[in-house]
Amino acid sequence: MGVREKLHIGMSLAPTWLGGDAWRRPDSEIEQVYSSGFALDIAKRSEAAKLDFVFRPDSLFLNVGALESGPGFGSLDPTILLAAIARETSHIGLLTTVSTTFFPPYVVARQLQSLNWISGGRAGWNIVTALDGNENFGLSEMPSAKERYERAAEFTEIVRRLWDSYPAEALELDRASGRYTNASMVRPIDHEGRHLKVKGPLNLPAYGEDRIPLVQAGASPEGRDFAASVADAIFASTPDREAAAELRQDLRRRAEGHGRRAEDIRLMPGLSLYLAESREEAVELFNATHARMDVARKFASILEMTGLDLRDWPQQQRITTSDLPPVPEKLRSRTHAELLRRLIRRDEPTVADLLTRPEVIGSAHWQIVGTVDDAVAEIMDWQSAGAIDGFIAVPGGSVASMRLVLDEVVPRLAEAGRFRTDYSGRTFLGHLQA
Ligand SMILES: Cc1cc2nc3c(=O)[nH]c(=O)nc-3n(C[C@H](O)[C@H](O)[C@H](O)COP(=O)(O)O)c2cc1C
């Protein structure tokens, strides 16, 4: 099933390792979290480890209810932050997140191409259809997932055409003849579609020869199909190896259906790592991080995703397939809802057990709680089984846990021949295609 010899690895700059109660640790440097230096330090460490890219997720709303105990999705604008990082790094890819539901595509095309110039060809776009924030953009209701994907496909097509509308080769800058641009190569796109109308051309030439890589997040049937049609990679939630293998195989098949090669789409699940010197310490770290996690919020999230109200259930009662109500009509993320239903169908967990699972507390990400050896062995196992093309590290628990990923796990994977020992190119696309 097409095992990839070398992994692709990205590092999340959203400080997941300060999530839960981890920000309260003395060494968390939480006071610096809104400064560019904070993210720059991690980006430099990630570049020293030769990672493909650093990545910033994003949302466009503030969860005021969560602010007493955490950032509630408050963060710097990801593209502006990555522009600052671009000036201080030289090789690592810079993957920003921009929603196709709220912004005008002309602005997005220009911002991404600007980041590409500022970084010398290292920009990447994580395409999201977004989960919330509609009221900040004049929409009283969130458009349905289907409508959001329809708009996303049209939006992405426009952005790609805008990037092509002023090709790099058009820029001549010929002092002798006085010709600045070969203007005949610069063309409007004259797009008029169901959702958007854009004339073009973009007011900025493309940078260099490599195109800007596209990543997509969202794995409902429409999300998979959209990713398989245009994206170089998908950022996914795959809590177990079978879920990853199934998704990867499906994406590869769908890519071929769109006339692409199976290997053109890469599955890169989020990988949450709680690492320590011993397994016992790692479990302690995990438990300490989640000690204050609000049970009411967990129940509310299970209710939103499945329609199941577990508040009055005894902790030791098992939840079975027959307890599952029909799939709710309004879902923020069908991907996460389906992963939770799948877990209940497969494991029939007790209420107490369900409340500790990544599907409830960790965005349904693949999770390793253990030692560096455990992490290296499990990553190599998933890779050998053809379940992944790489991963995006979303370390948890503490700064020390995050550092172990960059200082020990990644070098060990490189030593084992599963990851690059040095960069062979300087562009983001170059890293993905190496
Ligand atoms: C792993 C993963 C990461 C995501 N990251 C973001 C994000 O950073 N910002 C955002 O607005 N939406 C994010 N989303 C939401 C998706 O863009 C999408 O709107 C949502 O999953 C609904 O699509 P679906 O029906 O395919 O699940 C993410 C979804 C997944 C599965």
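The values are calculated or read from the model by the stated rules, or taken from the named source; none is laboratory data. In this text, all values refer to a predicted model and were calculated from it rather than measured experimentally. Because the Cβ atoms are built from the backbone with ideal geometry, glycine has one as well, and the counts that use them run over all protein chains shown. Note: accessible area is taken over every heavy atom of the protein model, side chains too, but ligands, DNA and RNA are not part of it. Shrake-Rupley method; radii C 1.70, N 1.55, O 1.52, S 1.80 Å.
Of all the residues in the range 221-241, those that are open to solvent by 10 Å² or more (accessible area, probe 1.4 Å) and either within 13 Å of the ligand (Cβ to nearest atom) or without any contact (Cβ under 8 Å) to a residue 60 or more places away in the chain (or both) number 8. Looking across the range 98-119, just one residue is under 24 Å from residue 393 (Cα atoms), surrounded by fewer than 24 Cβ atoms within 10 Å (Cβ to Cβ) and in contact (Cβ under 8 Å) with a residue 60 or more places away in the chain, and that is 112. Screening the range 319-345 for residues that are among the basic types (Lys, Arg) and in a loop (DSSP other than H, G, I, E, B) and picking the one that is nearest to residue 128 (Cα to Cα) gives 332. Scanning the range 191-217 for residues that are in contact with a strand residue (DSSP E or B) (Cβ under 7 Å, 6 or more places away or on another chain) and not β-branched (Val, Ile, Thr) returns 191, 197, 205, 213, 214, 216, 217.
Here is the figure for the range 321-350: residues that are away from the ligand (no atom under 16 Å from the Cβ) and either without any contact (Cβ under 8 Å) to a residue 12 or more places away in the chain or over 24 Å from residue 238 (Cβ atoms) (or both) total 6. A single entry from 208, 193 fulfils the requirement of being away from the ligand (no atom under 16 Å from the Cβ) and either farther than 26 Å from residue 103 by Cα or at pLDDT 95 or above (or both): 193. Would the range 158-168 turn up any residue that is open to solvent by 30 Å² or more (accessible area, probe 1.4 Å) and touching a Phe, Trp or Tyr at 6+ places or on another chain (Cβ under 6 Å)? Checked the range 158-168: no residue is open to solvent by 30 Å² or more (accessible area, probe 1.4 Å) and touching a Phe, Trp or Tyr at 6+ places or on another chain (Cβ under 6 Å). The residue pairs whose first member lies in the range 365-390 and is within 16 Å of the ligand (Cβ to nearest atom), whose second member is of a type in the set (Val, Ile, Thr), and whose beta carbons are closer than 7 Å, counting only pairs six or more residues apart or on different chains, are 365/394; 366/238; 390/9. Here 211, 122 are screened, and the one residue that is charged (D, E, K, R) and open to solvent by less than 50 Å² (accessible area, probe 1.4 Å) is 122. When residue 102 is tested against (1) in a helix (DSSP H, G or I); (2) within 13 Å of the ligand (Cβ to nearest atom), just one condition goes unmet, and that condition is (1). Does the range 306-323 contain any residue that is under 21 Å from residue 16 (Cα atoms), within 25 Å of the chain's Cα centre (by Cα) and not charged (D, E, K, R)? No: zero hits.
Set side by side, the residues 131, 60, 95 differ, and just one is within 26 Å of residue 20 (Cβ to Cβ), within 14 Å of the ligand (Cβ to nearest atom) and open to solvent by less than 10 Å² (accessible area, probe 1.4 Å), which is 95.
Residues considered: 262, 282, 244, 291. Of these, the only one that is of a type in the set (A, V, I, L, M), surrounded by fewer than 16 Cβ atoms within 10 Å (Cβ to Cβ) and touching a residue at least 40 places away in the same chain (Cβ under 8 Å) is 291. Remark: pairs (first residue in the range 306-318, part of a loop (DSSP other than H, G, I, E, B); second residue of a type in the set (Ser, Thr, Tyr); Cβ separation under 6 Å; 6+ apart in sequence or on different chains) = 316/350. Residues satisfying the criterion are present in the range 254-274 (criterion: over 19 Å from the mean Cα position of the chain (by Cα), within 16 Å of the ligand (Cβ to nearest atom) and not in a strand (DSSP E or B)).
Considering the range 13-51, the residues that are among the β-branched types (Val, Ile, Thr) and within 18 Å of residue 288 (Cβ to Cβ) include one that is surrounded by the most Cβ atoms within 10 Å (Cβ to Cβ), namely 16.
Among the residues making up the range 1-40, those that are closer than 25 Å to residue 214 by Cα and assigned to a helix (DSSP H, G or I) are 16, 36, 39, 40. Residues that are under 12 Å from the mean Cα position of the chain (by Cα) and of a type in the set (Gly, Ala, Ser) within the range 230-253 comprise 233, 236, 237, listed in sequence order.
Checked against (1) in contact with a Leu (Cβ under 7 Å, 6 or more places away or on another chain); (2) surrounded by 17 or more Cβ atoms within 10 Å (Cβ to Cβ), residue 136 passes all but a single condition, namely (2).
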